[in-house]
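Reviewing the structure listed below.
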Amino acid sequence: MAQRTALYEKHIAAGGKMVDFAGWDMPIHYGSQIEEHHTVRNHAGVFDVSHMTVIDFKGEATRAFLQRLLANDVGKLTIPGKALYSCMLNEQGGIIDDLITYYMNETWYRMVVNAATREKDLAWINQQAASFNIEITERADLAMLAVQGPAARGNVHQVLGGKIGAAHELEPFFAAQCEDLFIARTGYTGEDGYEIILPAGKAPELWDKLLEAGVKPIGLGARDTLRLEAGMNLYGQDMDETTTPLESGLAWTIAWQPAARQFIGRPALEQQHEAGVPRKLVGLVLLDRGVLRSHQKVIVHNGGEGETTSGSFSPTLNRSIAFARVPAQTSGECEVEIRNKKLKAKIVKPPFVRFGKSCID
């Protein structure tokens, strides 16, 4: 039987179509995925993302441990609440997971990892932490809501009032602890908003208040099209343990300096960087009529081949878009094989959409 979040009954009451996602009963939509997509782009929507795994790291050695564990450098975090996006790599430079780490103080960091990778992430983290004197706690007692869209922050301020405290002034990619609420100005949609971590028992009340304020419930289907438009990778599709950040459009998440920081996977990444990365992740916009999906063959101008990793119809652009992993020298136009037909597509640099506006020609 799949696990259920504290909001399961709320999803049923709202007409959510429930599906199994990474072992959880989650809503794929509440009637119309496209309408939900437009709601987030134009107003505000709330997602139940309580299936994500929250991990707290505490102890004097936490910073040193995370500097070893992650390809990006938590040493850059000096202001309480600052967030850092990073990949966690194996020794071959392959991506075990992508995640966000929040620096709260010198002895407390909070990490949010993907639901589908929970077991292997926790096993890897605990294995690597064996020689460090730190406390690692999975926070299964917490729930997580993502309120996203141009009106999202205003709606949250309206609902929470004075309880939100210092979070009123949060800059993007910062978080604050406000009483029993952990409020982060982060998200996975390309829109502004908050991700709110709170005691699971209090999540239904906050959900109800947000809906009363006009925020609409949004399912995982729209979350996927929103993140694709925003140029955000999905673990297990656009990257995994067989691909490195250099092959996944994530070179910017590798902190090469200081050179003395020996994070896991660094030697393999340095070798690949020096030899030349054979593949890269690009954006595709379909020029012909059709729908891009994952695992479609991409034929490039020099006779090479690649493959789409994520693909969908873009409700904002009213066009079909995708990510594809292609030979490193690929540029210009290409062809995608769809149902035994070769359809023309243009290679672009993601994102496709940001803050509701097109980023492509």
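Checking each residue in the range 117-134 for being polar (S, T, N, Q) and out of contact with any Asp or Glu (no Cβ under 9 Å at 6 or more places or on another chain) picks out ASN126, GLN127, GLN128, SER131. Residues in the range 287-345 that are at pLDDT below 95, closer than 23 Å to VAL277 by Cα and polar (S, T, N, Q): ASN302, GLN329, THR330, SER331. Against the definition (β-branched (Val, Ile, Thr), closer than 27 Å to GLU191 by Cα, in contact (Cβ under 8 Å) with a residue 40 or more places away in the chain and part of a loop (DSSP other than H, G, I, E, B)), how does THR78 come out, yes or no? It is false that THR78 is β-branched (Val, Ile, Thr), closer than 27 Å to GLU191 by Cα, in contact (Cβ under 8 Å) with a residue 40 or more places away in the chain and part of a loop (DSSP other than H, G, I, E, B).
Can you find a residue in the range 102-111 that is among the charged types (D, E, K, R), free of Cβ contacts under 8 Å to residues at least 60 places away in the same chain, outside any helix (DSSP H, G or I) and out of contact with any His (no Cβ under 6 Å at 6 or more places or on another chain)? Yes, that holds for at least one residue.
Return the residues of the range 117-138 that are in contact with a Phe, Trp or Tyr (Cβ under 7 Å, 6 or more places away or on another chain) and more than 25 Å from CYS178 (Cβ to Cβ); say none if nothing qualifies. THR117, ALA129, PHE132, ILE134 - these are the residues of the range 117-138 that are in contact with a Phe, Trp or Tyr (Cβ under 7 Å, 6 or more places away or on another chain) and more than 25 Å from CYS178 (Cβ to Cβ). Of all residues in the range 296-315, those that are outside the structural domain of THR189 (by TED's automatic domain parsing) have Cβ atoms under 7 Å from Cβ atoms of residues that are modelled with pLDDT of 95 or more and basic (Lys, Arg), 6 or more apart or on another chain, in ILE299/LYS342; GLU305/LYS297; GLY306/ARG325; GLU307/LYS297; GLU307/ARG325; THR308/ARG293; THR309/ARG325; GLY311/ARG293.
The values are calculated or read from the model by the stated rules, or taken from the named source; none is laboratory data. Treat the numbers as computed from the prediction; the structure is a model and nothing was measured. Please note: Cβ atoms are built from the backbone with ideal geometry, for glycine as well, and neighbour counts cover all protein chains shown.
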